Amino acid sequence: MNRRQMLFASLVATTMGLASQAALAEEHNDPALIKAMGNAKVTLQQGLTAAAQEGQPISAKFEMEDGKLQLSVYTSKGGKFSEVIVDYTSGKVTKTEAITEGEDLTAAKAQSAAMAKAKTDLKAATDKAAAGMAGSRAVSVTPDTKGGRAVASVTLVDGGQFKTVEQSLE
């Protein structure tokens, strides 16, 4: 790859990263999500553990889907990707759906590539991030590769405010 191609690839990656960060920030500024989080009896970390029966968790988030709170975990197993829905009140897997196309597949591939470099799982990274902000609750965790190193962006909510912290996966 020549210098121009490398610069272009870097620009595209940075732009995609900024776009996904903006979408994540917009999603997490949803007052309905903040309110609905009060109904969740299951933590994000418990959701990661429950979803592990379907494959390696590669990301997880609480989100509003059709006006209802949902705990979604992306998993990877044997080169295939799934979205696992975990009941946020019982901690049981309620649905597993293959990810085969579109933005979800693109995101799952990138997350899986980041986790391939990780030495720590997402649950441990989320636990560490939450411990650093007493009284907070994890809303999402997404792995990425920055400077060739695996990191997780963990979004926490505390008192109606969201804060995203980076946690090393090495």
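Brief remarks follow.
- Once the Cα-Cα distance is subtracted from the 0.36 nm per residue extended length, the residue 161 to residue 46 segment shows a gain of 39.2 nm.
- Placing pseudo-labels 7 Å out from each Cα toward the beta carbon at residue 133 and residue 37 gives an inter-label distance of 0.7 nm.
- Relative contact order (%) - region 20-162, alpha-carbon pairs under 8 angstrom, separation at least six: 21 percent
- Local electrostatic count, residue 118, Cβ distance below 14 Å [Lys/Arg +1, Asp/Glu -1]: +2
- Distance between the pseudo-spin-label points of residue 168 and residue 124 (7 Å out from Cα toward the beta carbon): 1.3 nm.
- Long pairs among 119/146; 77/123; 109/163, criterion Cα-Cα beyond 22 Å: 109/163
- Excluding same-chain neighbours fewer than eight residues apart, the lysines reachable from residue 68 by a Cα-Cα span under 16 Å are 35, 41, 95.
- Taking the fewest neighbouring Cβ atoms within 10 Å as the starting point, the ordered list for 62, 81 is 81, 62.
- Full extension of the chain between residue 77 and residue 95 yields a length gain of 4.9 nm, computed as 0.36 nm times the residue separation minus the alpha carbon distance.
FYI, it's all coordinate maths here, none of it is from the lab. As the structure is a computational prediction, the values presented were derived from the model and not from experiment. Cβ coordinates were reconstructed from backbone atoms using ideal geometry, including for glycine residues, and neighbour counts include every protein chain displayed.
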